[in-house]
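Inspection log for the structure reproduced underneath, given as structure tokens.
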Amino acid sequence: MASHNDLVVVDRGENTSLTVHLYGATVISWKCRGEEILFVSQKSLFDNKKAIRGGIPVVFPCFGPWDLGPQHGFARISRWKVESTPQKNTAGDMVAIFSLEDSDKTRAMWDFKFKLIYTLTLKETAFQMDFKVENKDSKPFPFTCLLHTYLGTPDVTKSGVTGLNKLTYVDKVKGGEHQESRDVVTVAENYDRVYKSTPDEHSVSGCVGGKTVVVKKTNFPDTVVWNPWKDKAAGMSDFGDDEYTNMICVEAGYVVKPFELGAGKSFEASQLLTVI
């Protein structure tokens, strides 16, 4: 399990809290009125070496395989700094801020100066993530980014995702581009699809406790839906063989094409998850 020194707890009271692991600034728990909303594998390693399997890993500066470094980039396997410890704002919500800056290690892979600022706001039945990229360099840089959200489900085959019908997606399992034809997307196989130019809101039904999680996103134009299914799950050392039935990833990102960030400029995007 994770060391106490690695964790920041954001407690709003009434059994509503976040737990953030400083390795990757990975949110590993979101309890809403006592109910755990996120999925984290019981086999996930908290060794500060391998990316945490579950919660909400932060993907930057590359989504997917990367010629310059590890898959999904280095943000999720770097130790972040606490920029601001959890504090209550005027609305009564709890806010914590985390940051990551370039280092010798990151520049050896990706030779740019940057700062990431990740602001987490815990509301009564909602949780907002504000993601900011600052270009601290004298030259522009391209990047892709994504919030790799794992939602817990009692039975993934009974979960559904709205807001994807008629959209083009890249099927990373079977290959090619296709058009979605379902009003409610369900998962019953190894599923890894990148939906392009998605609307700013999705609903994910059949989550823990029979709840629906509404995903509202800003400046994340793409949505990834992923579940490894049985055979792939069995081949993952940090994922239980049968755990695929208890999770669905619905991931807001800027991934289909890179964002080009000018020198001295900043990029901002956000995701709001609400339990209904």
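The values are calculated or read from the model by the stated rules, or taken from the named source; none is laboratory data. No experiment lies behind these values; they were computed from the predicted model shown. Reconstructed Cβ throughout: ideal geometry from the backbone, glycine too, with neighbour counts over all protein chains shown. Keep in mind that these areas ignore ligands, DNA and RNA; they rest on the heavy atoms of the full protein, side chains included. Shrake-Rupley method; radii C 1.70, N 1.55, O 1.52, S 1.80 Å.
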**OP:** Check the range 33-49 and report whether any residue there is open to solvent by 50 Å² or more (accessible area, probe 1.4 Å), free of Cβ contacts under 8 Å to residues at least 12 places away in the same chain and under 20 Å from SER99 (Cα atoms).
**Re:** no
**OP:** Report yes if ASP192 is within 21 Å of the chain's Cα centre (by Cα) and open to solvent by less than 50 Å² (accessible area, probe 1.4 Å), otherwise no.
**Re:** yes
Subject >> Of all residues making up the range 67-80, the number that are assigned to a loop (DSSP other than H, G, I, E, B) and either open to solvent by less than 40 Å² (accessible area, probe 1.4 Å) or closer than 10 Å to LEU146 by Cβ (or both) >> reply: 5
**OP:** Go through the range 81-116 and give me each residue that's open to solvent by less than 30 Å² (accessible area, probe 1.4 Å) and touching a Phe, Trp or Tyr at 6+ places or on another chain (Cβ under 8 Å).
**Re:** PHE98, SER99, LEU100, THR106, TRP110, PHE114, LEU116
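The rows are residues; the columns are (1) at pLDDT 95 or above; (2) open to solvent by less than 10 Å² (accessible area, probe 1.4 Å); (3) of a type outside the set (S, T, N, Q).
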| residue | (1), (2), (3) |
| --- | --- |
| GLU201 | yes, no, yes |
| CYS207 | yes, yes, yes |
| THR212 | yes, no, no |
| MET247 | yes, yes, yes |
Subject >> Where ASN165 falls short, out of the listed (1) touching a residue at least 24 places away in the same chain (Cβ under 8 Å); (2) surrounded by fewer than 18 Cβ atoms within 10 Å (Cβ to Cβ) >> reply: (1)
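Matching residues to (1) closer than 30 Å to PHE46 by Cβ; (2) small (Gly, Ala, Ser):
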site	(1), (2)
VAL161	yes, no
ARG193	yes, no
PRO199	no, no
GLY210	yes, yes
LYS217	yes, no
VAL256	no, no
ALA263	no, yes
Subject >> Every pair of residues 6+ apart whose Cβ atoms lie under 8 Å, when the first sits in the range 243-264 and is more than 18 Å from GLY55 (Cβ to Cβ) and in contact (Cβ under 8 Å) with a residue 24 or more places away in the chain while the second is part of a strand (DSSP E or B) and open to solvent by 50 Å² or more (accessible area, probe 1.4 Å) >> reply: PRO258/PRO142; PHE259/PRO142; GLU260/PRO142; LEU261/PRO142
Original post:
Which pairs have Cβ atoms under 6 Å, sit 6 or more apart or on different chains, and link a residue in the range 81-97 that is over 14 Å from LYS123 (Cβ atoms) to one that is assigned to a loop (DSSP other than H, G, I, E, B)?
Top reply: none
Subject >> Those residues of the range 130-142 which are part of a strand (DSSP E or B), out of contact with any Asp or Glu (no Cβ under 6 Å at 6 or more places or on another chain) and either surrounded by fewer than 22 Cβ atoms within 10 Å (Cβ to Cβ) or β-branched (Val, Ile, Thr) (or both), in sequence order >> reply: ASP130, VAL133, GLU134, ASN135, PHE141
